[in-house]
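The values are calculated or read from the model by the stated rules, or taken from the named source; none is laboratory data. Fair warning: this is a prediction, and the values are worked out from it, not measured in the lab. Cβ atoms come from the backbone with ideal geometry, glycine included; neighbour counts cover every protein chain shown. Accessible surface areas use protein heavy atoms only, side chains included; no ligands, DNA or RNA. Shrake-Rupley method; radii C 1.70, N 1.55, O 1.52, S 1.80 Å.
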Amino acid sequence: MKAYRLFAWKTPPRLVEVPVPEPGFGEVLLKVGGNGICQSDLHLMDDWEASPPHLDVQLPMTIGHEIGGWVAVCGPGVTGLETGQPCVVTLAGCGRCRYCAAGWNNYCPHLGKQPGMGLDGGLAEYVLAPAAGIVPLDTLEPWQAAPLTDAGLSAYHAVRRVLPLLAPAATAVVIGIGGLGHLAVMILQAVGAAEIIAVDRSPAALELAGELGADHLVPADADTEAAIRDLARDGGVEVVLDFVGSGDTVGLAARVIRPLGQIVVVGRGPGSFAFRDRALPYGAGLSTTFGGSKLELMDLVALAERGRLRPRISRYPLSRVAAAYERLRRGEVVGRAVIVPEGHDGAGTGGEGEPQ
Ligand SMILES: [Zn+2]
Ligand SMILES: [Zn+2]
């Protein structure tokens, strides 16, 4: 089968021929229906000089961690899944710790290697996944659902953390309308009632946020803070979801948040935010997140299958994966780019890179 593999750090991956793997105990082999590509893949390819110690990534490794597909083979010990079942893949926690017991598999301290992050990932015709990380699909095609597992789930988890604040007279700011942020705009509308301000540098990204129902579009420039202040009631906003996470964007969030508001930093951008007395208004909180839980992914899939959430996707064949990453690197991907192996494309239509 074809697989897009990283052979050495800071060296572009290559599409090569490798054997189809066999599932071990508790694993399933999936026929890949689509794999969304992510900024964190760019960090892995462009910036990493070694594996983070907790992942122990050994090269070569097939990249791709936003996976949808069909069950092809169930390994020993796997029950309750049938061949042909469409599904997506989420992080499998250890299943034994207090985080897992509470349903927070995404914060499991024993998370370890996952497909695309230590284990071979989804930019291939087939991929192995732990059965514990499989979430079945009903009506969505795997390529449509793949972005829900990372971009969608990270956005949904961030929104869930601030849900009680999203009252009709409240204001929520979404910074960064990329793969995650465009889904956050849709999710805020589906599960909350707050007015939505979208902030981005790119006019195309703001246009997309407007199409998806953001109430106000604010360009990221020298006047952003004043523009948000003008729109917010009582001089500050209840919620900021920061999908950039740079020192600049967190600083902006801290200046526009109101007392008792919540800033959720999902992005992992450069720079720093200095905390000191009065760096945040009284009662305001700032938190980070990592992904979302399996239960949240099940809910998100249900939301999408009911037609309340439709990721904006550009599709590329696996043979064009390098070109898709190049467009992501240049900031030219609107919504999410999903890579589909040739011949595995289900009901998709449209040409390469066209939004659908
Ligand atoms: Zn990712
Ligand atoms: Zn655990």
Qualifying position, being at pLDDT 95 or above, within 19 Å of T62 (Cβ to Cβ), open to solvent by 10 Å² or more (accessible area, probe 1.4 Å) and among the aliphatic types (A, V, I, L, M), among L128, L140: L128
Strands (runs of 3 or more DSSP E) enclosed by segment 257-328 - at least 1 residues per element that are polar (S, T, N, Q) and modelled with pLDDT of 95 or more: 257-265, 285-288
Hits in segment 97-108 (condition: near ligand 2 (Cβ under 10 Å from one of its atoms), under 17 Å from G292 (Cβ atoms) and either assigned to a loop (DSSP other than H, G, I, E, B) or among the basic types (K, R) (or both)): A102, W104, C108
Any hit, segment 182-198, residues being open to solvent by less than 40 Å² (accessible area, probe 1.4 Å), within 12 Å of the chain's Cα centre (by Cα) and more than 17 Å from R306 (Cβ to Cβ): yes
Leading residue by the ranking (nearest to ligand 2 (Cβ to nearest atom)) among those in segment 1-13 that are surrounded by 13 or more Cβ atoms within 10 Å (Cβ to Cβ) and of a type in the set (K, R): R5
Top-ranked residue of segment 230-258 - restricted to ones that are farther than 22 Å from T289 by Cβ and touching a residue at least 24 places away in the same chain (Cβ under 8 Å), ranked as most open to solvent (accessible area, probe 1.4 Å): D234
Conditions (1) within 16 Å of ligand 1 (Cβ to nearest atom); (2) within 21 Å of the chain's Cα centre (by Cα); (3) in contact (Cβ under 8 Å) with a residue 24 or more places away in the chain; number of the one not met by P52: (3)
Filter result (touching a Leu at 6+ places or on another chain (Cβ under 6 Å) and closer than 17 Å to G112 by Cβ) within segment 64-90: T90
Among the candidates A227, A214, A209, residue that is in a helix (DSSP H, G or I) and crowded, with 20+ Cβ neighbours inside 10 Å: A209
A222 being open to solvent by 30 Å² or more (accessible area, probe 1.4 Å) and either assigned to a helix (DSSP H, G or I) or not β-branched (V, I, T) (or both): yes
Residue ID - nearest to ligand 2 (Cβ to nearest atom), chosen from residues in segment 74-96 that are of a type in the set (V, I, T) and within 18 Å of the chain's Cα centre (by Cα): T90
Looking only at segment 146-180, and only at residues there that are touching a strand residue (DSSP E or B) at 6+ places or on another chain (Cβ under 9 Å) and polar (S, T, N, Q), the one that is nearest to H216 (Cα to Cα): T171
Residue match in segment 157-170 (condition: at pLDDT below 95 and open to solvent by 20 Å² or more (accessible area, probe 1.4 Å)): no
